[in-house]
Amino acid sequence: MSFETIHNYYEQLVLDKINELTASTLANESEDFLCDVACVTLNQLPSRYVRHNVDMVFYMPIQERECIQQEVSDAVNKAIDYVNTHRGEKRPQTISQ
C-alpha cells in the first residue's frame, strides 16, 4: 500500500507564500532561513491531511479559502519575525551533543 499521495494541505500554501516573498522581501535570505520559516509556520497551523488538493478546494467555500490564505499569510509573517529574532543564537545543548 502506498501513502505517497497523502499530505498536509497547508504545506503547499506555505511554500507558495514563502516563494512569493522570496521575489521581494526575502530575496536575500538563505535556504536555511527559508526552511526554518516554513517549519515554524507549519507548526502554527492546523494539520489538514488530504490525498488531492483539488478535492479540498472543490468542496471549500470561497470565504473559507480566503480565510485560510489570510491565516497562512499571518503565520508566515509571525514565523519570519520569530526566526529573525532568534537568528545567530546558540542552540541549546541536547542529549545527543
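The values are calculated or read from the model by the stated rules, or taken from the named source; none is laboratory data. Worth saying up front: this structure is predicted, and the values here are computed from it rather than measured. Don't worry about glycine lacking a Cβ; one is built from the backbone with ideal geometry, like all the others, and counts go over all protein chains shown.
Mind listing just one residue for me: the one in region 18-70 that is hydroxyl-bearing (Ser, Thr, Tyr) and farther than 24 Å from residue 3 by Cβ and, of those, surrounded by the fewest Cβ atoms within 10 Å (Cβ to Cβ)? Outline the logic, then answer.
Restricting attention to region 18-70, the residues satisfying the condition of being hydroxyl-bearing (Ser, Thr, Tyr) are 22, 24-25, 30, 41, 47, 49, 59.
With farther than 24 Å from residue 3 by Cβ added as a condition, the list becomes 22, 24-25, 30.
Values: 22: 14, 24: 7, 25: 11, 30: 9.
Among residues in region 18-70 that are hydroxyl-bearing (Ser, Thr, Tyr) and farther than 24 Å from residue 3 by Cβ, the one surrounded by the fewest Cβ atoms within 10 Å (Cβ to Cβ) is 24.
Return the residues of region 77-94 that are at pLDDT below 85 and of a type in the set (Lys, Arg); say none if nothing qualifies.
Answer for region 77-94, where residues must be at pLDDT below 85 and of a type in the set (Lys, Arg): 87, 90, 91.
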